[in-house]
Amino acid sequence: MNEAGFDADNEGFCEGRDLPWLQDTQDVGVWSAWQVTYRDVIVLDRQGLLVGAFNLTENDLADADSLDQLRAALLRLAEEAPAR
């Protein structure tokens with residue numbers, strides 16, 4: 001999730017990518033409400049509710065254990081709430 005006020009190049013960042021990109025705004029204030037920190041991957045359920053966060057500063061995806069941990073969490077969520 002991108003912090004409010006840091007939206008100058010959202011379009012360029014999303015170009016050619018399939019993953020969703022969330023942009024917080026001053027009016028909504030999700031960054032504060034969800035206690036987001038810089039470099040968090042925010043994990044939402046199918047209803048858009050926060051189920052977790054995975055910080056890429058603390059968990060470098062170049063490290064196989066960190067990548068496996070994130071992958072396992074996402075797969076577990078997908079199994080709990082499969083697409084209809």
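Taking the conditions exactly as written (among the acidic types (D, E) and not in a loop (DSSP other than H, G, I, E, B)), does E58 satisfy them or not?
Values: among the acidic types (D, E): yes; not in a loop (DSSP other than H, G, I, E, B): no.
The answer is no for E58.
Which residues, counting only those in the stretch 1-24, are among the small types (G, A, S) and either under 14 Å from the mean Cα position of the chain (by Cα) or not in a loop (DSSP other than H, G, I, E, B) (or both)?
Just the residues of the stretch 1-24 that are among the small types (G, A, S), to begin with: 4-5, 8, 12, 16.
The answer is G12, and nothing else.
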Next on the checklist: Could you tell me how many of the residues in the stretch 8-24 are surrounded by 13 or more Cβ atoms within 10 Å (Cβ to Cβ) and either at positive phi or among the polar types (S, T, N, Q) (or both)?
Outcome noted: 2
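Please verify whether the stretch 64-74 includes one or more residues that are hydroxyl-bearing (S, T, Y), in a helix (DSSP H, G or I) and not assigned by TED's automatic domain parsing to the domain that holds L22. Before you say what the answer is, go through the steps one by one.
Going through the stretch 64-74, the residues hydroxyl-bearing (S, T, Y) turn out to be 66.
Filter again for in a helix (DSSP H, G or I), leaving 66.
Of the ones still in play, those that are also not assigned by TED's automatic domain parsing to the domain that holds L22 are 66.
Within the stretch 64-74, one or more residues are hydroxyl-bearing (S, T, Y), in a helix (DSSP H, G or I) and not assigned by TED's automatic domain parsing to the domain that holds L22.
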Checklist entry - For the stretch 3-36, which residues satisfy the criterion of being in contact with a helix residue (DSSP H, G or I) (Cβ under 9 Å, 6 or more places away or on another chain) and either at pLDDT 85 or above or among the hydroxyl-bearing types (S, T, Y) (or both)? => result E3, A4, Q23, D24, V36
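Would you pick out the residues in the stretch 25-42 that are surrounded by 11 or more Cβ atoms within 10 Å (Cβ to Cβ) and either of a type in the set (A, V, I, L, M, F, W, C) or in a loop (DSSP other than H, G, I, E, B) (or both)?
Taking the stretch 25-42 and keeping what is surrounded by 11 or more Cβ atoms within 10 Å (Cβ to Cβ), we get 25, 28-32, 34, 36-37, 39-42.
Listed by number, the residues that qualify are T25, V28, G29, V30, W31, W34, V36, T37, R39, V41, I42.
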Checklist entry - Which numbered condition trips up A73, out of (1) in contact (Cβ under 8 Å) with a residue 24 or more places away in the chain; (2) at positive phi; (3) in contact with a strand residue (DSSP E or B) (Cβ under 7 Å, 6 or more places away or on another chain)? => result (2)
Checklist entry - Out of (1) out of contact with any Leu (no Cβ under 7 Å at 6 or more places or on another chain); (2) modelled with pLDDT of 90 or more, the odd one out for Q47 is which? => result (2)
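The values are calculated or read from the model by the stated rules, or taken from the named source; none is laboratory data. Predicted model, so just to flag it, every value in this text is computed and none were measured. Quick reminder, even Gly has a Cβ in these numbers, built from the backbone with ideal geometry, and neighbours come from all protein chains shown.
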